[in-house]
Amino acid sequence: MGGPPSPVADVRVAVRRELADLTAGDLVLVACSGGADSLALAAATAFEAPRLGLRAGLLTVDHGLQPGSAEQAGRVRDWGGDVGLDPVEVLTVRVGARGGPEAAARDARYGALDDAAGRLGAAAVLLGHTREDQAETVLLAMARGAGARALAGMPARRGRYRRPLLDLPRATTAAACAAAGLTAWSDPHNGDPGYARVRVRALLPTLEEAAGPGAVAGLARTAARIRADADLLDRLAAEVAAEVVAADGRVDAVGLAGRPAPLRTRVLHAWAQRLGVSAGALSAVHVEALDALVSAWSGQGPVHLPGGVLVARREGWLVPRP
């Protein structure tokens with residue numbers, strides 16, 4: 001008796017490896033929009049999780065950004081129940097405007113996933129990002145002039161979030177759905193050139209043509225190699241932050257000024273996010289402006305950050321103002 005088609009097997013193997021360290025009885029949730037990537041991931045999880053003694057459920061987020069979004073979320077919920085995933089929930093969110101449409105939708109989505117995972121006691125939440133998603137993330141970071149942490153792309157794991165498919169191409173998930181008879185949903189936003197990621201996605205085939213086959217995989221490998229260096233610098237920056245960030249949220253600019261630039265900018269990047277600035281909206285230009293208040297102080301005015309946050313230097317301290 002033959003095994004499953006190769007694309008189905010590839011996705012299942014990736015999921016099995018990602019779940020291997022969990023304990024029997026743990027709950028695993030799949031974030032599923034109904035697109036090919038997350039649908040293939042959810043189907044593989046429904047197959048693999050019970051064989052590992054794990055419970056598996058599904059979360060689908062209704063962003064409410066287009067007509068019929070509630071109906072699509074309902075279809076994903078019903079499908080999840082049909083394949084044995086439990087619990088299955090639709091998470092309805094309101095998307096704000098802070099940081100632009102992409103960042104605002106991402107913030108709303110992860111906020112809802114965080115709340116649901118905590119409420120349900122999930123040990124892991126699986127996300128359907130593929131190799132192409134990683135390449136797009138790296139290219140967007142390069143375009144923003146971002147640092148090593150952003151160029152390291154998306155981590156395979158962060159907290160309870162896991163991305164089993166980062167080493168698989170998008171073609172594999174599409175083929176897995178086709179082989180399993182699953183009809184994937186095509187999100188209209190994925191074809192909207194108003195979104196930066198969509199514009200970059202359209203360039204990937206051209207990149208492969210110009211740079212040769214394997215360019216996308218090469219970007220993903222580069223991200224993995226940068227990540228080890230970025231992890232070390234982040235640990236060192238956290239030690240610096242513990243010394244220069246006061247309990248009331250101010251930053252000792254004088255104390256930070258003597259540190260190496262890679263550590264200063266990491267401290268300031270993390271501090272800006274603590275002030276409520278969306279990571280997706282925070283660019284290298286913003287961090288450089290903050291760093292100028294520290295290392296090139298000449299009496300300049302406050303720095304304007306996304307989300308209406310102002311940072312001024314007062315008596316040797318960086319002070320946030322609404």
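Values in this text are rule-based calculations from the coordinates and carry no lab data. Owing to the predicted nature of the structure, the values given are computational and were not obtained by experimental measurement. Using ideal geometry, Cβ is built from the backbone for each residue, glycine included, and neighbour counts are taken over all protein chains shown.
What's log10 of I(q)/I(0) for segment 245-321 at q = 0.15 Å⁻¹, Debye sum over Cα points only, no solvent?
Listed by q, the Debye log ratios stand at -0.42.
Loop-only trypsin sites (Lys or Arg not before Pro) in segment 79-122, please: DSSP not H, G, I, E or B, and at most 13 other Cβ atoms within 10 Å. Please report the intermediate quantities before stating the final value.
On the way: sites: R94, R98, R106, R109, R119; in loops: R94, R98.
Taking segment 79-122 and a limit of 13 other Cβ atoms within 10 Å, the loop trypsin sites (Lys or Arg not before Pro) found are R94.
Let me know the charge dipole size of the chain about its Cα centre in debye, to the nearest 20, where only the beta-carbon of Lys, Arg (+1) and Asp, Glu (-1) is charged.
500
Output needed: percent of Cα pairs per 10 Å distance bin for the chain, bins running from 0 to the one holding the longest distance.
5, 23, 30, 24, 13, 4, 0, 0
In whole Å, what three semi-axes, largest first, describe the equivalent ellipsoid of segment 84-226 built from its Cα gyration tensor (square root of 5 times each eigenvalue)?
Sorted largest first and rounded, they come to 26, 20, 17 Å.
Run the helix sum for the chain: -39,500 (n - 2.57) per DSSP H stretch of 4+ residues, divided by residue count, reported at 222 nm to the nearest 500 deg cm²/dmol.
-17000 deg cm²/dmol, from helical runs alone.
Quick one: angle between helix 101-120 and the longest Cα principal axis of the chain, in degrees between 0 and 90, rounded to 10, please.
On a 0 to 90 degree scale, this one is about 70.
Per 10 Å bin, what percent of the C-alpha pairs of segment 1-43 does each bin hold, from zero upward?
Calculated P(r), rounded to whole percents: 24, 48, 26, 2.
With the dipole of segment 1-93 worked out from charges on the C-beta (+1 for Lys and Arg, -1 for Asp and Glu) around the Cα centre, which of A44, L27, G3 lies farthest toward the positive end?
The residue sitting farthest along the positive end of the dipole is G3.
Per-residue counts of other Cβ atoms within 10 Å, averaged by peptide: what ranking do you get for 185-192, 174-181, highest first?
174-181, 185-192
Say the dipole of the chain comes from +1 at the beta carbon of Lys and Arg and -1 at that of Asp and Glu; which of P306, Y110, A217 then lies farthest toward its positive end?
P306
Can you check what the net charge comes to around D107, using other residues whose Cβ is under 12 Å from the Cβ of D107 (Lys, Arg +1; Asp, Glu -1)?
On the way: positive: R94, R98, R106, R109; negative: E102, D114.
Computed value for this residue: +2.
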